[in-house]
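The values are calculated or read from the model by the stated rules, or taken from the named source; none is laboratory data. In this text the structure is predicted, and so the values were computed from the model without any measurement. Reconstructed Cβ throughout: ideal geometry from the backbone, glycine too, with neighbour counts over all protein chains shown.
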Ligand code: EPU
């Protein structure tokens, strides 16, 4: 970015912009080189003008949410890395009807927080999200899921903001598959998920809270929380589990530098302290090779590598 571009970027946002700022503090892996520019968008009204500027200047950009499911390479990220602030964390819950309720929530809202809030309001449907880190926007783009449920099944509407303004999509206009919102590919680098609406069912607050607690404990027992990670590293292949295949290849505990295949769950590649992205990527490639050799299956990363 040249000086003019940097000054213009700063002038478009109410929150300060950081330049050459390490992304390791902003990712759940605690790994990542510097962002050329790291900018938080606090006001919705700032987003479309910002995207117009980025488009005019042909500057690459990306929203990173809470940096979960994201491996940032050591050389860092060119262009503008975006975080969604204040006005993207609004939430409006409507549980006035007898059997159903709905939530309109900003894309920057925490998924764990949303699951908890809905439980407190006696709304059922997001129990599976308890313990899934990340933002609501990221969860929709990835079609986050657990325990046989996924976000697409409770989604009613998605709001996108692009350089030309806001667009609204109804659920039946959108296609989701395992861990992916298919249509979003054509909006990547053009539009930002700003808000979503979810359709939930009314339920008993204590029952919902209990279910959240049960799933959280199950997650804690099966998945490592002692080290930074990106959650499940690989997608599950059809009809099998990446964790089982990695385990069967004898890779649990295997390490490259400070990057390690978790001893608890094979599909978690963890940062045991100061791992580089290169170490993590080398570990990924070795895991892929050994699993391929052992079982013939090609594992595909679920984690986005940028
Ligand atoms: N297994 C092993 N060894 C291991 C790990 C797992 O043998 O080291 C076996 C388990 O015993 C089980 C099977 O593999 O029979 C599946 O494992 P698990 O129940 O842990 O589920 P998973 O398929 O590894 C998926 C999601 C998780 C989600 C859990 C619970 C993917 C890639 N992962 O894990 O999602 O929390 O189910 O529903 O779909 C994420 O996406 O980041 C994530 C954590």
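Report, by residue number, each residue of the stretch 65-74 that is in a loop (DSSP other than H, G, I, E, B) and either within 16 Å of the ligand (Cβ to nearest atom) or farther than 21 Å from residue 302 by Cα (or both). Break it down stepwise before answering.
At the first step, the residues of the stretch 65-74 found to be in a loop (DSSP other than H, G, I, E, B) are 65-69, 72-74.
Within the stretch 65-74, 65, 66, 67, 68, 69 qualify.
Please determine whether any residue of the stretch 202-212 is surrounded by fewer than 17 Cβ atoms within 10 Å (Cβ to Cβ) and within 15 Å of the ligand (Cβ to nearest atom).
no
If the requirement is being touching a residue at least 60 places away in the same chain (Cβ under 8 Å), part of a loop (DSSP other than H, G, I, E, B) and within 14 Å of the ligand (Cβ to nearest atom), which of these qualifies: 251, 299, 264? Break it down into steps so the answer makes sense when it comes.
Values: 251 fails: touching a residue at least 60 places away in the same chain (Cβ under 8 Å); 264 fails: touching a residue at least 60 places away in the same chain (Cβ under 8 Å).
Result of the check over 251, 299, 264: 299.
Evaluate the following for residue 271: is it crowded, with 23+ Cβ neighbours inside 10 Å, touching a residue at least 24 places away in the same chain (Cβ under 8 Å) and within 28 Å of residue 177 (Cβ to Cβ)?
On the way: crowded, with 23+ Cβ neighbours inside 10 Å: yes; touching a residue at least 24 places away in the same chain (Cβ under 8 Å): yes; within 28 Å of residue 177 (Cβ to Cβ): no.
Spelling it out, it is not the case that residue 271 is crowded, with 23+ Cβ neighbours inside 10 Å, touching a residue at least 24 places away in the same chain (Cβ under 8 Å) and within 28 Å of residue 177 (Cβ to Cβ).
Please go through the stretch 232-248 and give me each residue that is buried (at least 21 other Cβ atoms within 10 Å of the Cβ) and within 7 Å of the ligand (Cβ to nearest atom), ordered by number.
232, 234, 242, 243, 246
Could you grab me the full set of residues in the stretch 109-135 that are buried (at least 20 other Cβ atoms within 10 Å of the Cβ), within 16 Å of the ligand (Cβ to nearest atom) and part of a helix (DSSP H, G or I)?
111, 115, 127, 128, 129
Which of the residues spanning the stretch 96-108 are surrounded by fewer than 24 Cβ atoms within 10 Å (Cβ to Cβ) and closer than 19 Å to residue 153 by Cβ?
99, 100, 101, 102, 104
Considering only the stretch 136-151, how many residues are assigned to a loop (DSSP other than H, G, I, E, B), within 17 Å of the chain's Cα centre (by Cα) and near the ligand (Cβ under 9 Å from one of its atoms)? Break it down into steps so the answer makes sense when it comes.
Step one: filter the stretch 136-151 for residues assigned to a loop (DSSP other than H, G, I, E, B), giving 143-144, 147-148.
From what's left, within 17 Å of the chain's Cα centre (by Cα): 143-144.
Next, only the ones that are near the ligand (Cβ under 9 Å from one of its atoms) stay: 144.
Result for the stretch 136-151: 1.
In the stretch 164-182, which residues are in contact with a strand residue (DSSP E or B) (Cβ under 8 Å, 6 or more places away or on another chain) and away from the ligand (no atom under 16 Å from the Cβ)? Quick ask: steps written out before the conclusion?
Restricting attention to the stretch 164-182, the residues satisfying the condition of being in contact with a strand residue (DSSP E or B) (Cβ under 8 Å, 6 or more places away or on another chain) are 166-171, 174-176, 178-179, 182.
Once the filter is applied, which keeps residues that are in contact with a strand residue (DSSP E or B) (Cβ under 8 Å, 6 or more places away or on another chain) and away from the ligand (no atom under 16 Å from the Cβ), the stretch 164-182 yields 166, 167, 168, 169, 170, 171, 174, 175, 182.
Conditions (1) closer than 19 Å to residue 195 by Cβ; (2) crowded, with 17+ Cβ neighbours inside 10 Å, marked per residue:
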position	(1), (2)
3	no, no
28	no, yes
43	yes, no
46	yes, yes
63	yes, yes
70	no, yes
75	no, no
80	no, yes
88	yes, yes
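Residue 215 - would you say it is in a loop (DSSP other than H, G, I, E, B) and either within 12 Å of the ligand (Cβ to nearest atom) or under 26 Å from residue 114 (Cα atoms) (or both)?
On the way: in a loop (DSSP other than H, G, I, E, B): no; either within 12 Å of the ligand (Cβ to nearest atom) or under 26 Å from residue 114 (Cα atoms) (or both): yes.
Judged against the criteria, residue 215 is not a match.
Pick from 229, 194, 149: which is over 18 Å from residue 65 (Cβ atoms) and either surrounded by 14 or more Cβ atoms within 10 Å (Cβ to Cβ) or at pLDDT below 95 (or both)? Lay out the reasoning, then the answer.
Details: 229 fails: over 18 Å from residue 65 (Cβ atoms); 194 fails: over 18 Å from residue 65 (Cβ atoms).
Testing whether each residue is over 18 Å from residue 65 (Cβ atoms) and either surrounded by 14 or more Cβ atoms within 10 Å (Cβ to Cβ) or at pLDDT below 95 (or both) leaves just 149.
Of the numbered conditions (1) within 24 Å of residue 268 (Cβ to Cβ); (2) buried (at least 17 other Cβ atoms within 10 Å of the Cβ); (3) under 22 Å from the mean Cα position of the chain (by Cα), residue 180 satisfies every one except a single condition; which is it?
For residue 180, the exception is condition (2).
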